[in-house]
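Just so it is clear, none of the values below were taken in a lab; they were calculated from the coordinates. Here the structure is a predicted model, which is why all the values come from computation and not from measurement. When we count neighbours, we look across all protein chains shown, and the Cβ atoms used for this are built from the backbone with ideal geometry, even at glycine.
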Amino acid sequence: MVEFFQNLLGHDLGYVIGYVIKALVVIIPLTLVVAYVTLAERRILGFMHARIGANRVGPFGLFQPFADLLKFVFKEIITPTKASSGVFYLAPAVILICALATWAVVPFAPDLYFTNVNAGILYVTAISSLGIYGIILAGWAGNSKYSFLGGIRATAQMISYELAMGFGIVGVLMVSGSLSFIDIVNDQAIGKMHGSLLSWNWLPMFPLFLIYLISGVAETNRAPFDVCEGESEIVAGFHVEYSGTPFALFMLAEYASMILVSTLTTIMFLGGWLSPFPTTWGVLGTASMAWLVVKVLILLFGFIWYRASFPRYRYDQIMRLGWKVFLPITLVWIFVLGAWMVSPLSIWNY
Amino acid sequence: MDINSILFYVFSAILLFSGLKVISAKNPVHSALYLVLAFITASCLWMMLGAEFLSLTLILVYVGAVMVLFLFVVMMLDVDLETLRRGFWKNLPLALVLGVVVAVEMLLVILKHPLTDVVVNAEPVTTLSNSNILGWILYTQYSYVVELASMVLLLGLVVAVALTLRKSDKAAKYQNISKQVAVDSRTRFKMVKMDAEVEEEHKGEQQ
């Protein structure tokens with residue numbers, strides 16, 4: 001596609017325009033998915049609470065996200081008088097840019113990606129650690145004690161769980177020996193179990209998989225780890241002072257990072273676009289983007305399900321879980337994995 | 001001028017500007033943010049040199065962890081800038097001398113080994129990614145140095161824990177987490193069988 005624009009518009013300009021369009025091809029569907037995940041969340045939560053949920057705007061409430069968006073856009077944007085206004089508007093921008101920029105290296109199918117870089121995982125972890133700044137700055141800039149406390153809580157929690165997630169990633173890197181997502185998925189397609197469900201990374205790295213999944217929920221500040229919102233104590237967390245479009249940006253970023261965590265879990269532990277069925281099964285057995293989408297949707301449903309099922313953790317329990325339970329388990333399992341890989345029982349010698 | 005040189009000059013300008021703002025910004029939070037910007041721009045420059053591992057690690061470690069803690073401290077401490085700036089003119093002569101010494105040292109090094117001697121556009125020796133190569137070197141040739149560095153870091157960790165651990169305080173109350181986690185409904189909650197209580201005089205009010 002980039003070559004097409006380069007032929008049309010000359011080398012440099014075509015390069016830039018080609019990549020901008022390529023980026024839009026990723027970002028626009030992502031935004032739509034975010035819109036419908038919010039709707040799905042409201043409908044599913046409604047179902048789980050034995051009530052109806054948003055079903056008024058359009059058939060089955062299908063136009064509800066757009067109604068919400070219009071409401072946000074036409075609301076007045078209020079800047080608190082003592083807010084540090086530059087930083088106040090920088091924060092939602094930072095958080096959104098980081099939530100979207102991570103998608104640059106995420107592949108959707110073996111030949112469908114924005115870029116394939118050989119340090120993809122490092123890039124994703126680096127950019128998502130930048131996203132923390134959005135939260136801490138939003139909490140600080142509003143010049144409100146409540147939002148500041150919410151920001152500090154959220155940041156401390158995200159830093160803690162980032163460690164556990166990082167060690168989960170280390171396990172995956174050890175067996176695949178590559179930082180590129182495509183290599184990681186391709187490595188799960190071969191092995192003693194011949195690329196079936198059982199050869200994916202989730203089975204030999206089950207503790208790491210579980211910890212990555214749970215830390216992903218904590219990392220995106222979703223229930224039951226949503227103490228940064230903890231409305232009973234600190235009103236609404238780091239975004240108390242925001243209204244209108246900037247607030248919508250925080251919501252967009254939260255759901256985009258939910259989808260990102262689900263996609264990364266799928267790619268690293270659940271075989272990405274690989275099919276769970278043997279290759280002899282025709283369409284069902286071929287690896288395609290549809291399988292990635294199905295797995296991501298299952299994980300996203302989980303995110304909503306946890307919210308309906310579990311009560312919120314107490315803050316000290318969250319910190320204890322991250323530092324004293326998850327971190328030691330990942331460290332031990334990485335040691336076990338290393339011993340397993342060099343032992344004659346290794347299933348990764350091929 | 002090709003696009004790479006343009007990008008290089010843009011990034012360098014941002015880097016110099018943000019470096020200057022770190023020490024001249026009025027608000028300490030703003031200077032910390034300019035330091036973050038400086039780190040990110042430096043990492044972009046490294047990325048342009050093809051050192052993707054180093055540049056991403058710079059963001060991950062310094063921006064993602066160190067600077068966040070920095071910001072925590074700066075935001076929570078009530079830093080009074082007037083007291084910080086009071087000694088400026090008194091300390092200026094010493095600072096100037098030190099600055100000149102550092103500048104002269106750097107000039108000597110650069111003049112001795114001009115930058116053009118470094119091969120800039122060298123062909124990559126291998127096709128391995130540079131995280132792969134760095135890993136090999138660190139864990140074979142420099143394995144003892146890596147171990148040593150990790151021991152130093154571990155020492156820092158132990159010292160930090162030892163400094164903050166104050167278990168001797170008898171009056172302080174601690175939560176017994178394992179006890180808290182072990183409770184279930186039977187220890188917290190008891191079902192009692194009793195007859196329904198009906199108070200005659202309130203019967204009418206409830207309607």
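Note down the net charge around A:Asn55, summing +1 for each Lys or Arg and -1 for each Asp or Glu among other residues with Cβ under 15 Å from its Cβ. All intermediate terms of the calculation are to be shown ahead of the outcome.
On the way: positive: A:Arg42, A:Arg43, A:Arg51, A:Arg56; negative: A:Glu41, A:Asp68.
It works out to a net charge of +2.
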Local charge sum around A:Phe247 (other residues, Cβ-Cβ under 13 Å, Lys/Arg +1, Asp/Glu -1)?
-3
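Treating the beta-carbon of each Lys and Arg as +1 and of each Asp and Glu as -1, no other charges, what is the dipole magnitude of chain B about its Cα centre, to the nearest 20 debye? Present the calculation step by step, with values, prior to reporting the outcome.
Working: 16 positive and 17 negative charges, 150 e Å.
Roughly 720 debye for chain B.
Averaged across B:26-34, how many Cβ atoms of other chains sit within 10 Å of each residue's Cβ atom?
Values: counts 0, 2, 0, 6, 3, 0, 0, 5, 0.
Across B:26-34, the average partner-chain Cβ count within 10 Å equals 2.
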In whole Hz, with x marking every Gly and Pro, tabulate ³J(HN,Hα) for the stretch A:160-177 from phi via Karplus 6.51 cos²θ - 1.76 cosθ + 1.60, θ = phi - 60°.
5, 7, 4, 5, 4, 5, x, 6, x, 5, 4, x, 4, 5, 4, 7, 9, x
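Rank by packing, highest mean first: peptides A:152-159, B:159-166, B:191-198, A:277-284, with packing defined as the count of other Cβ atoms within 10 Å averaged across residues.
Values: A:152-159: 22.2, B:159-166: 8.4, B:191-198: 5.0, A:277-284: 11.2.
Top to bottom by mean Cβ count within 10 Å: A:152-159, A:277-284, B:159-166, B:191-198.
If packing is taken as the average count of other Cβ atoms within 10 Å, what order do B:178-186, A:265-273 fall into, highest mean first?
Values: B:178-186: 8.7, A:265-273: 25.2.
Highest to lowest by the protection proxy: A:265-273, B:178-186.
How do A:237-248, B:41-52 rank on mean C-beta neighbours within 10 Å, highest first? Can you show the working numbers first?
Details: A:237-248: 21.9, B:41-52: 17.2.
Ranking the peptides A:237-248, B:41-52 by packing returns A:237-248, B:41-52.
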Here are some pairs, A:Lys22/A:Lys145; A:Lys295/B:Lys190; A:Lys71/A:Lys145; which of them have Cα atoms lying more than 32 Å apart in this structure?
A:Lys22/A:Lys145; A:Lys295/B:Lys190
Here the stretch B:86-96 yields Karplus 3J(HN,Hα) values (6.51, -1.76, 1.60; θ = phi - 60°; whole Hz; Gly and Pro given as x) of 4, x, 4, 6, 5, 8, 4, x, 4, 4, 4
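For peptide B:183-196, how many partner chain Cβ atoms fall within 10 Å of a residue's Cβ, on average? Provide the component values of the computation, followed by the final result.
Numbers: counts 0, 0, 0, 0, 0, 0, 0, 0, 0, 0, 0, 0, 0, 0.
Counting Cβ atoms of other protein chains within 10 Å of each residue's Cβ and averaging gives 0.
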Express the relative contact order of the stretch A:191-294 as a whole percentage, based on alpha carbon pairs under 8 Å and six or more residues apart in sequence.
27
Total charge of the residues flanking A:Trp273 in space, meaning their Cβ is under 14 Å from its Cβ, with Lys and Arg +1 and Asp and Glu -1, is -2
If the viscosity is 1.002 mPa s and the temperature 20 °C, what Stokes-Einstein diffusion coefficient in µm²/s follows for chain B when Rh is the Kirkwood radius over Cα pairs?
87
Averaged over its residues, how many other protein chain Cβ atoms are within 10 Å of peptide A:120-126's Cβ atoms?
5
State the percent of C-alpha pairs, over all pairs in the stretch A:1-71, separated by a distance greater than 15 angstrom.
64
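Once you sort the root eigenvalues of the Cα gyration tensor of the protein assembly as shown as a ≥ b ≥ c, which label holds: rounded (a/c under 1.5), prolate (a/b larger than b/c) or oblate (the other case)? Could you put the intermediate results ahead of the total?
On the way: a/c = 1.43, a/b = 1.20, b/c = 1.19.
Here the protein assembly as shown falls in the rounded category.
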